[in-house]
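The next block holds one structure in the form of structure tokens; read it before the comments.
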Amino acid sequence: MPLPLAAQSALVAAAVAIATATVLLLVPWTPTPRDRFADMVLANATIYTADPARPFADAMAVRDGRVLRVGTYESVKELNGRHTHELSLSGNVVLPGFIDSHVHFIDGGFQLARVPLRGIRNKDDFIGRVEEAVRDKHPGQWILGGGWNNDFWGGDLPAAAWLDDMSPDNPVWLSRMDGHMGVANSLAMKIAGIDKNTDDPIGGTIMRTTGGEPTGLLVDTAMKLIFDVIEKVSNHERREALLRASKHALMRGVTTVVDVGSYFPGTSTEKTWQDFADIYEWAHSMEKMIMRVCLFFPMPTWSRVSDLIDEHGRSLSQWIHLGGVKAFLDGSLGSSSALFHEPYEGDPGNYGLQVTDLDSLLNRTLESDKSGLQVAIHAIGDKANDLLLDMIDKVVDLNGVKDRRFRIEHAQHLAPGAANRFGKHGIIASVQPDHLLDDANSAGNKIGVERAERSSYTFRSLLDGGAQLAFGSDWPVYYYCLSGFRHQPSTSYPNRNVP
């Protein structure tokens, strides 16, 4: 009995994409005579080859996760053996595996097993979802989750008061979808020692009532106050998060990710290194890696990354590549902490947050760049991007011209003329189209319609200015993956006339 069309598509996404991506990333491989027969032959397909001379083929043979041959069915059928599984795709499209240029991979794996608040549209459903989680926990256990977006229910921010009645015996921490804000209940704040006398940390905000009492909302570096007291997760749970994330990505045709980690200014840099040693190196040694990762480490630890590359090279194996270092300049639009030249609408004193000292950032960037490391720095607001572009000019002046492939993560809102500066130094704009989809109805409220349409998500202008565009999902900030390809084209976006 033939497989249903949906099952065929899932099989292609999960199996064939892996094989195709392998060919794209590895040196050519020629099978020996004993290996000449395929494990699988895809027939009657529309296979995108990425070869301009022959962009499409109708058959493909695969063995041991590698593509043996792509072409006509006549050219492939000789690789059919007794144990070859032939799958007719009835004309369905086969694509190479996708490479996601910006994810927080381990965090995404954890989020899949925690309180899911993505897509919640009102306060009652928010509370109900947390109540369900509390029923499954013993007193004292943490309730962790995230993905909420207050724009979906009119903009009101959640508070500890929403959570306290249902969770008197369980500390709660629920992150906003952008990862730059979260809400804690009163018990969690008590454990963390947060009260009206707690000062805002540099680069962060404890949101308060008019009387000065914390509301439960923590922004950017203030989140560290909670992170420091959340119960530790076992190595087993952390490793399961990697396996869960990998399967989740492969089911969507993503075969390679750039994992920029979970470091944020004010948090420990050691977590990323522990993830590397306890999760990635373990998975590699136990042959548990099923997709390729390119890892970025916190910039304050640039010398350790340089030493690691000197010792092992940039690729530890076909599965694990050492990418470079990452830093931050500002927060996010959704949490009103992206750094702008002009204030947020309705909040005249708020221009956003600069979360890193510029002199410190410049010095570390210079050292990282001298060591040959690729540098990636988060900048969302127009002022943050201008400051970063100015800093890159200084780095090039001091360290000289070379193929450094500097990455600006997000490059979300740009001042007039900024897009034209990317090409000067071959800067990569690591952008996330799904941010555009989410901000379509909120950017105008945050920074004004005119500013949003003029300066937001200027992909076409970046291309015209010579930038290299790298698309990513920012998972788990946004649901994985490729939802932008499915979004309704009638939606009105900021800068909607710019393709």
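Laboratory data are not the source of any read-out in this text; all were calculated from the coordinates shown. These numbers were taken from a predicted model, which means no experiment stands behind them. Counting neighbours? That spans all protein chains shown, and the Cβs are built from the backbone with ideal geometry, glycine included.
Count of region 243-263 residues, restricted to those that are touching a Lys or Arg at 6+ places or on another chain (Cβ under 8 Å) and within 16 Å of Gln111 (Cβ to Cβ), is 5.
Among the residues of region 158-178, those that are over 12 Å from Ala188 (Cβ atoms) and crowded, with 16+ Cβ neighbours inside 10 Å comprise Pro158, Ala159, Trp162, Met166, Ser175, Arg176, Met177, Asp178.
May I ask you to list the residues in region 338-363 that are in contact (Cβ under 8 Å) with a residue 40 or more places away in the chain and touching a Phe, Trp or Tyr at 6+ places or on another chain (Cβ under 6 Å)? Scanning region 338-363 gives Phe340, Val355, Thr356.
Scanning region 109-166 for residues that are more than 19 Å from Leu217 (Cβ to Cβ) and of a type in the set (A, V, I, L, M) yields a total of 4.
Taking region 339-379 as the range and being within 21 Å of the chain's Cα centre (by Cα), in a strand (DSSP E or B) and not polar (S, T, N, Q) as the test, the residues that pass are Val375, Ala376, Ile377, His378, Ala379. Quick check, is Phe296 within 17 Å of the chain's Cα centre (by Cα) and not charged (D, E, K, R)? It is true that Phe296 is within 17 Å of the chain's Cα centre (by Cα) and not charged (D, E, K, R).
Number of residues in region 305-319 that are under 23 Å from Thr267 (Cα atoms) and loosely packed, with under 14 Cβ neighbours inside 10 Å: the value is 1.
Checked against the criterion of being among the hydrophobic types (A, V, I, L, M, F, W, C), surrounded by fewer than 21 Cβ atoms within 10 Å (Cβ to Cβ) and closer than 16 Å to Val115 by Cβ, region 195-218 contains not a single residue that satisfies it. If you go through region 330-363 and pick out every residue that is surrounded by fewer than 22 Cβ atoms within 10 Å (Cβ to Cβ) and aromatic (Phe, Trp, Tyr), you end up with 2. Listed by position, the helices (runs of 4 or more DSSP H) inside region 224-314 whose residues that are over 18 Å from Ala113 (Cα atoms) and free of Cβ contacts under 8 Å to residues at least 12 places away in the same chain number at least 3 are 270-275, 302-312.
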